[in-house]
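This report refers to the structure that appears directly beneath it.
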Amino acid sequence: MNSNKKTARIAGVLYLFVGIFGGFAEGFVDPKMYVAGNAAATTMNLITNPVLVRLGVVAHLLDGTFFVFLAMILYTLLKQVNRNVAKAMLILVILATSIICLNAVFEFEALRIAIGAVDMTSLGRAGSNAMVLLLLDTQHYGTLIAQVFFGLWLVPLGYLAYNSGMFPKWLGVLLIIGGICYIIDLLAAFLLPDFGQNIHVFVVIPSAIAEISMVLYLLIIGVRTQKPDKQKKS
């Protein structure tokens, strides 16, 4: 049990790092740089904030690195519940991380074009700006696609948490609901974009509550202390 608590707290620290670096990159840097449909404004944002963009790229890569290690630790902790479900959780995280790291390349190349490190003079200023916007458009929608796996990985995690006895059952249910909300948000963004923008804030609240609850539980409690079964009277 002490070993499980230590493993769970390591997972909690890694999960916290995922939240910090992911929140900085996706919640602060990316929206500050990307102006949908406005190539000139997007390019100017990159030109005036090159250090911030580089920090955002590094944050994406660190986010992905910590995310993979988090999944590996949780796999070690929960594989005895159901090895196949734990493997599915790990694979989903690897897929999400692969997309996020690839997206970081698009962002970095957009910066290089914006500051003139890549010669695009043959396209003219308007063409160069359009290329910058195209790359950040790709990154933006690539992040939305990665959200499929951000959501799906919470479902097996919730299942494992619910059935493990190491976590309260309400936490497992909350994680599954959070994963479903991620998927709803993604589908709305692609199928009904105007409606998706209106419900985005409300739909992601359960997901945020679920992940924050898991981080806090891992950091503070680790895993639930299980009492030994009482011996039956002869």
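Summary of values
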{"read-out": "The lone exception for Ile94 - which of (1) touching an Asp or Glu at 6+ places or on another chain (Cβ under 9 Å); (2) surrounded by fewer than 21 Cβ atoms within 10 Å (Cβ to Cβ) it fails", "value": "(1)"}
{"read-out": "Some residue of segment 10-25 being more than 19 Å from the chain's Cα centre (by Cα) and at negative phi", "value": "no"}
{"read-out": "Filter result for Met89 (open to solvent by less than 40 Å² (accessible area, probe 1.4 Å) and either more than 24 Å from Gly116 (Cα to Cα) or in contact with a Pro (Cβ under 7 Å, 6 or more places away or on another chain) (or both))", "value": "yes"}
{"read-out": "Qualifying residue in segment 66-75 (condition: in contact with a Ser or Thr (Cβ under 8 Å, 6 or more places away or on another chain) and without any contact (Cβ under 8 Å) to a residue 40 or more places away in the chain)", "value": "yes"}
{"read-out": "Residues located in segment 48-82, provided they are in a helix (DSSP H, G or I), open to solvent by 70 Å² or more (accessible area, probe 1.4 Å) and not hydroxyl-bearing (Ser, Thr, Tyr)", "value": "Val51, Arg54, Leu55, Val58, Leu61, Phe69, Met72"}
{"read-out": "Close pairs (6 angstrom Cβ cut-off, 6 or more residues apart or separate chains): open to solvent by less than 70 Å² (accessible area, probe 1.4 Å) and in a loop (DSSP other than H, G, I, E, B) in segment 19-38, at pLDDT 90 or above and hydrophobic (A, V, I, L, M, F, W, C) anywhere", "value": "Tyr34/Leu136; Val35/Ala41"}
{"read-out": "Filter pass, Ile145 being farther than 30 Å from Met214 by Cα, β-branched (Val, Ile, Thr) and touching a residue at least 12 places away in the same chain (Cβ under 8 Å)", "value": "no"}
{"read-out": "Filtered residue count, segment 175-208, keeping only those that are aliphatic (A, V, I, L, M), open to solvent by less than 20 Å² (accessible area, probe 1.4 Å), in contact (Cβ under 8 Å) with a residue 24 or more places away in the chain and under 16 Å from His140 (Cα atoms)", "value": "1"}
{"read-out": "Unmet criterion (only one of (1) open to solvent by less than 20 Å² (accessible area, probe 1.4 Å); (2) in contact (Cβ under 8 Å) with a residue 60 or more places away in the chain; (3) under 25 Å from Asp63 (Cα atoms)) for Gly151", "value": "(2)"}
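The values are calculated or read from the model by the stated rules, or taken from the named source; none is laboratory data. Fair warning: this is a prediction, and the values are worked out from it, not measured in the lab. Because the Cβ atoms are built from the backbone with ideal geometry, glycine has one as well, and the counts that use them run over all protein chains shown. SASA here: full protein model, heavy atoms, side chains in, ligands and nucleic acids out. Shrake-Rupley method; radii C 1.70, N 1.55, O 1.52, S 1.80 Å.
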